[in-house]
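Encoded as structure tokens, the structure appears first; notes follow it.
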Amino acid sequence: MLHGRGAIARLGDEVATECRRPLLVTDPGIVASGLHRRAIDSLERRGLAVAVFDRVTHMATVRSVSEGVAAGRAHGFDCVVGLGGGSALAVARGVAIVGAEERPVRELVGGWGAEAPSLRMLPLFSVPTTAGSGSEVSPSAPLLDDELGAKLTLSGRGTFSRVAILDPDLLASLPSRQAALSGVDALTHAIEACCTNLATPITDALALAAMGILMRDLAAAVRGDADARARCLVASTMANQACGNAKLGLVHGLARNVQTLFVIPYGVTIGVFLVPVMEFNRPAALPAFARMADAMGLSRPGEPESSRAAAVVPAVKRLLTEIGIPRRLGSDEVDRSRIDELARMVFARNTPAQLDRAALASVDVGGFAPSPNIRRARYADVVALYERSLVGWSVEGAPPPQTPA
């Protein structure tokens, strides 16, 4: 990882150690802003022949990966540079994997909860322009398959970026709304990493430090404070390193399915589910919540564990409200009649049924949801959490949640 203002200038030096014909994967917004020129200039200064693929949409899709691979092959690419938010970096990783494997995405998904397949990948260099997904240090490429109506993930032990460049200057033009939605994802990565049965003292150290930064600085970062954005960029990376090892819980497990069936910004779904899942988890995770309170600066000397733990959710509610995250999903956004389907998708995770929507009706929902979430959830719990997302959560002293515009 290379970090610091102006670090993008070092991109060409890093890529030139392995490659001559990089494909730059980004999105139309980055190109419209001219931000991609900083990457291209650095690459061209080292005499590298650059092609640009900028057809990444707000959601990383299998279609975008296929189109990116086609563009790369037409260019004769030998590596991939991802520039943008989580979707652009996920597509870049997918392009690097499919470009090396020369097989379609569906043939590369496997494991069903066991060891990830051993995937080859072209050299990948990742440059985030948001403080959110942390994809620059993740081995995973979550991709929406529109035809299947399923979210597929490509991941393996060899699918990390060669280099991640964290340049806070690239966040200067990030719109406030996107800063908020990205920041909620980073905060949730940190919180969920502390609330799984795979958490360790090492992942806790990363997660707690990251959430401390985000709780202090995210509101200022949303307002455009450059120093706060720089700190949140580091926190985002740390949070993904934490959840990449401790894994994620029910917030992402629930939100992933909403994203598959409905068109809602990712940060909105994450923000709506974060509070109810935290409330669901707290009775089974008082020590973890007390540690989070300490990291967030909410504890007083000598305060008992239960009181410290009780302070966390209200603080998160206040922050989400301050940065404008909706507190519910609108009935015009999510069809309540499909909650059973959404819940069954949770139970189909890591089984062949996730690739066969017709098989959902026969998925066994009699036990616990397949998730490392610290409190195990049954089908009725999952349904209740989906129902809660349509009702919303309240902040003490504030009006009840309104349907998002």
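FYI, it's all coordinate maths here, none of it is from the lab. No experiment lies behind these values; they were computed from the predicted model shown. Here Cβ is always computed from backbone atoms with ideal geometry, including for glycine, and neighbour counts include all displayed protein chains.
Here are the numbers for the structure shown:
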{"read-out": "Segment Ser307-Arg73, length gained on full extension (0.36 nm per residue, minus Cα span)", "value": "78.4 nm"}
{"read-out": "Simple Cβ-charge dipole of segment 277-335, Lys/Arg +1 and Asp/Glu -1, about Cα centre, in debye nearest 20", "value": "260 debye"}
{"read-out": "Nearest-20 debye value, the chain charge dipole, Cβ charges on Lys, Arg, Asp, Glu", "value": "260 debye"}
{"read-out": "Zone residues, segment 306-327, relative to Arg223, backbone N less than 20 Å from point 7 Å out along Cα-to-Cβ", "value": "315-326"}
{"read-out": "Shape category assigned to segment 21-106 from the gyration tensor of Cα positions, a/c cut at 1.5", "value": "oblate"}
{"read-out": "Inverse mean reciprocal Cα-Cα distance (Kirkwood Rh) of the chain, Å", "value": "21.4 Å"}
{"read-out": "Residue-by-residue Karplus 3J(HN,Hα) for segment 379-396, coefficients 6.51, -1.76, 1.60, Hz, glycine and proline x", "value": "3, 4, 5, 5, 4, 4, 5, 5, 4, 4, 5, 8, 8, x, 10, 10, 10, 3"}
{"read-out": "Cys with no candidate disulfide partner in the chain (beta-carbon separation under 4.7 Å rule)", "value": "Cys194, Cys195, Cys232, Cys243"}
{"read-out": "Taking Met215, Met296, Met345 and counting other C-beta atoms within 10 Å, the order from fewest to most", "value": "Met296, Met215, Met345"}
{"read-out": "Proxy reagent accessibility, fewest Cβ within 10 Å first, across Thr200, Thr188, Thr61, Thr351", "value": "Thr200, Thr351, Thr61, Thr188"}
{"read-out": "0 to 90° range, to nearest 10: angle between helix 86-101 axis and the chain longest Cα axis", "value": "50 degrees"}
